[in-house]
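K.L.:
This is the structure, below, for whatever I ask next.
Quick note: the coordinates plus some simple rules give every number you see, no bench work behind them. Keep in mind the model is a prediction, meaning the values are calculated, not measured. Counting neighbours? That spans all protein chains shown, and the Cβs are built from the backbone with ideal geometry, glycine included.
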Amino acid sequence: MLGKTMECTTCERLELRDHETTVGVWGRIRVLEGALHYHVSAPFVHHQRVVAGGHAIIAPETPHSVAPIGTVSFCVEFLRDNQLRAL
């Protein structure tokens, strides 16, 4: 499904509670249009507004959540530890 646009059913139901990536998997949230709020819960608290053209990094096993600020279009890329140069 890499490169495919998918509807986010959890976003549609506003289920934006904390979730996390698995061991050794990093994420990069890229905002394509609009803006979103990115929140990291632990081991430290971090808040970031990410706007179109920007991105946020998700560390492995780090509880986080996102919330749209109005209408937003974004994608999440997942990378393993050995692909970190791409971040």
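K.L.:
Gain in length, His46 to Phe78, computed as 0.36 nm per residue apart minus the alpha-carbon separation, to one decimal in nm?
P.N.:
That pair, His46 and Phe78, stretches by 9.5 nm at full extension.
K.L.:
Please give me, ordered by residue number, the chymotrypsin sites (Phe, Trp or Tyr not before Pro) of segment 20-77 that lie in loop per DSSP and have at most 16 other Cβ atoms within 10 Å.
P.N.:
Counting only loop positions with at most 16 other Cβ atoms within 10 Å, the chymotrypsin sites (Phe, Trp or Tyr not before Pro) in segment 20-77 are Phe44.
K.L.:
Let me check against my output: what whole-number percent is the relative contact order of segment 18-81, with C-alpha pairs under 8 Å and at least 6 apart?
P.N.:
It comes to 49 percent, rounded to a whole number.
K.L.:
Right, here's the next one. Which of the three applies to segment 18-81, rounded, prolate or oblate, going by the alpha-carbon gyration tensor with a ≥ b ≥ c and a/c under 1.5 meaning rounded?
P.N.:
Judged from the Cα gyration tensor, segment 18-81 comes out oblate (a/c at least 1.5, b/c at or above a/b).
K.L.:
In sequence order, what are the phi-derived ³J(HN,Hα) couplings for segment 41-51 according to the Karplus relation 6.51 cos²θ - 1.76 cosθ + 1.60 with θ = phi - 60°, rounded to whole Hz, with x for glycine and proline?
P.N.:
Per-residue couplings from phi come out as 8, 7, x, 9, 9, 9, 10, 8, 8, 10, 10 Hz.
K.L.:
Let me ask something else. What's the magnitude of the charge dipole for segment 18-81 around its Cα centre, counting Lys and Arg as +1 and Asp and Glu as -1 at the beta-carbon? Answer in Debye, nearest 20.
P.N.:
About 180 debye.
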